[in-house]
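The values are calculated or read from the model by the stated rules, or taken from the named source; none is laboratory data. On a predicted model such as this, the values are computed, not experimentally measured, just so you know. Note: ideal-geometry Cβ built from the backbone for every residue, glycine included; neighbour counts use all protein chains shown.
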Amino acid sequence: MAKISVSWDDYMDNNLLAIGAVVGVSLISLVGVIPLVVSKRLRACVLYLVSFSVGALLGDVFLHIVPEMAEAGDMEKGAELILVGILISFVIEKLIHWRHCHTLPDDKHEHCHDHHHQIGIMSLFADGLHNFIDGALIAASFLVDVQVGIATTIAVGLHEIPQEIGDFAVLLHSGFTKKKAILFNVLSACAAIVGAIGVLALQSAIPVAESILLPIAAGNFLYIAGVDLIPELHKETKIRSSILQLLSIVAGIGIMYALKFVEVL
């Protein structure tokens, strides 16, 4: 695996860019307020936003992350870590689903119940863990290459929008007031900053960005796109909507492809 060779100034610039990008993505948690204002309009375009996010996630993996891994030279190890990333995503999603359901000791079947405040707390914990990992992945991508960092930030930011709207709705359902739901959602989002700082601090001692975190990011993005987002798109079967979904996916891929030709710094 090739080592990352940069000057001290470049190193600091990349660190600042990574922190700035993570802070920007964290602020997306405020998007949960949108349904209170434009809920009808949001419902009309959310599937196309999800479609665009699918294209951006897949484009980031196959147009930025995988080529970077190939250039580094150890694709066999990278492929194994992509699988690890998929498995990690599966475990995190199991945790997220667990916050909604539990098994009663006197029943053989699993039942979902409204645990109200407990559901909200578990939602915040799971979302915080997810945000921590997102922050770590964004920081790692900036340490590899600024263009990869920007592409990853866009991909993460796009899939955060529908996720944060859902998390905000869960908090309201759990009995949180609107103000508290916004506050705790923002605090949960700040876990991404902690994850980014941890990776940046670790990088000064061990070059883990290319060798470990980048392929794990690829696995995470593939899981989100293939398991979480694309099945949602298949729930809409109208021809016009399906065509617009496809065009939105292509547009997301197109953005990632265009970034390959943009000279940054």
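What the table below lists for this structure:
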item	result
Some residue of region 71-85 being at pLDDT 80 or above, within 15 Å of HIS130 (Cβ to Cβ) and not polar (S, T, N, Q)	yes
Residues located in region 236-248, provided they are modelled with pLDDT of 85 or more and either among the basic types (Lys, Arg) or within 11 Å of LEU47 (Cβ to Cβ) (or both)	LYS238, ARG240, SER241, SER242, LEU244, GLN245, SER248
Per-region count, region 18-68, residues more than 28 Å from HIS234 (Cβ to Cβ), modelled with pLDDT of 85 or more and of a type in the set (Val, Ile, Thr)	3
Residues of region 211-265 satisfying the condition of being over 22 Å from the mean Cα position of the chain (by Cα), assigned to a helix (DSSP H, G or I) and of a type in the set (S, T, N, Q)	SER241, SER242
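One line per residue, one yes/no per condition, for (1) free of Cβ contacts under 8 Å to residues at least 40 places away in the same chain; (2) of a type in the set (Gly, Ala, Ser); (3) under 11 Å from SER53 (Cα atoms):
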site: ASN220; (1), (2), (3): no, no, no
site: GLY226; (1), (2), (3): yes, yes, no
site: LEU229; (1), (2), (3): no, no, yes
site: LEU233; (1), (2), (3): no, no, no
site: LYS238; (1), (2), (3): yes, no, no
site: SER242; (1), (2), (3): yes, yes, no
site: VAL250; (1), (2), (3): no, no, yes
site: ILE253; (1), (2), (3): no, no, yes
